Amino acid sequence: MKDLQIGYQVPLEQFQPEGALEQAKLAEKSGFDSVWVSDHFHPWFNDNSAGVFAWAWLAAASQITKQVKLGTGLTCPTLRYHPGIVAQAFATLDNLGTDRIFLSLGIGEALNEVPLGYPWPSFAERTARLEEAISVIRQLWSGEFVDFRGRYYGLKRARLYTPPKGYIPIYVGASGPKMAEIAGRLCDRFLTLNAPEEKIRDVVFPAFVRGLEQSHRSFDDVFKDIEIGMSYAQDHEKAIKAIRPWAGSIPIEVYREEISDPREIEHLGSLLRDKEIEDAWVIGTGYEPFIRIIERQAKMGFNAVHVMNVSPAQQEFFELFRTKVIPYFKNPSKK
């Protein structure tokens, strides 16, 4: 576990730009290796939410940080974004971020595409679009003129005149077997969400390996990251209450169906019991639960864990990670 990386996800659905930038600075000072942001048009809840544009925010974050890796978790490059524009945006960010930029891609959620007038495609179409989009992005990052005619996207003598300065790794996100197999074929790195250990071990990872075999790679060849939501407070009930606005991101139907109104998503979340929230998020009144969950993921084979902090005690959470959690993994001799 000495090479385990620990990242931090800034929740742009909860914090306005300046407050979110303060979190990025705190994450770097606390010893996190990376800073992630969601790339959403609508947030997961309606009341007291935010809707920060991830790419503009990343450009600002690249100027106020020095070491942390920066990227999205994740971007959908298929409807509201043409993949060519994604390629251009992240090539520019790579120039600003001095080779610290990464890009995470997935099939997205209706809450980001439908409000802008796009029909919500079938799962099969969304996966096909993603595969095509990844090809477009990688070809444009070559800096050469590109002609491309696919089923969904086209390029005609297109070229990026500000290509990436270095190699931008592409994560492909997956939480089910079909997408995990696609990720194994196409990703530079793999991203998934916190789930019961048996699902990851018995469903997600085997499908991922099938995809890796198609690309002539093995499980150990590819960097694997998992996102985990966390809330800290000395009072357990306060920690749960802080997660309540995010409860709408738990039901599986918000990822599969054409649900795009944050008011409706918020209502779905209000129907969940506290136990369902506790099963999906990690709640701590001390640092020990956070160490346990990260250690468990490392033993399963993940190379990195990045955490999203929605604690009512934000500063205390950062201090716990700076003084207790991150040193536990970075300085194993001090355990």
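The values are calculated or read from the model by the stated rules, or taken from the named source; none is laboratory data. The structure presented is a predicted model; accordingly, all values stated were derived computationally and were not measured. Backbone-built Cβ (ideal geometry, glycine too); neighbour counts: all protein chains shown.
Couple of notes before you dig in:
- Test for GLU316: is it modelled with pLDDT of 95 or more, surrounded by fewer than 21 Cβ atoms within 10 Å (Cβ to Cβ), touching a Phe, Trp or Tyr at 6+ places or on another chain (Cβ under 7 Å) and closer than 15 Å to SER231 by Cβ: yes
- Residue check, ALA174 touching a Phe, Trp or Tyr at 6+ places or on another chain (Cβ under 6 Å) and either at pLDDT below 95 or within 19 Å of TYR255 (Cβ to Cβ) (or both): no
- Of all the listed residues (ARG151, ARG129), the sole one being among the basic types (Lys, Arg) and either in contact (Cβ under 8 Å) with a residue 60 or more places away in the chain or crowded, with 16+ Cβ neighbours inside 10 Å (or both) is ARG129.
- Checking each residue in the range 48-64 for being in a helix (DSSP H, G or I), of a type outside the set (A, V, I, L, M, F, W, C) and either surrounded by 15 or more Cβ atoms within 10 Å (Cβ to Cβ) or in contact with a Gly (Cβ under 6 Å, 6 or more places away or on another chain) (or both) picks out only SER62.
- Some residue of the range 213-225 being polar (S, T, N, Q), under 25 Å from ALA304 (Cβ atoms) and out of contact with any Leu (no Cβ under 8 Å at 6 or more places or on another chain): yes
- The number of residues in the range 69-107 that are touching a residue at least 60 places away in the same chain (Cβ under 8 Å) and assigned to a loop (DSSP other than H, G, I, E, B) comes to 9.
- Residue within the range 300-320 that is closer than 23 Å to PHE205 by Cβ and of a type in the set (Val, Ile, Thr) present: yes
- Failed criterion for SER260 (all others in (1) over 22 Å from TYR118 (Cα atoms); (2) crowded, with 19+ Cβ neighbours inside 10 Å; (3) among the polar types (S, T, N, Q) hold): (1)
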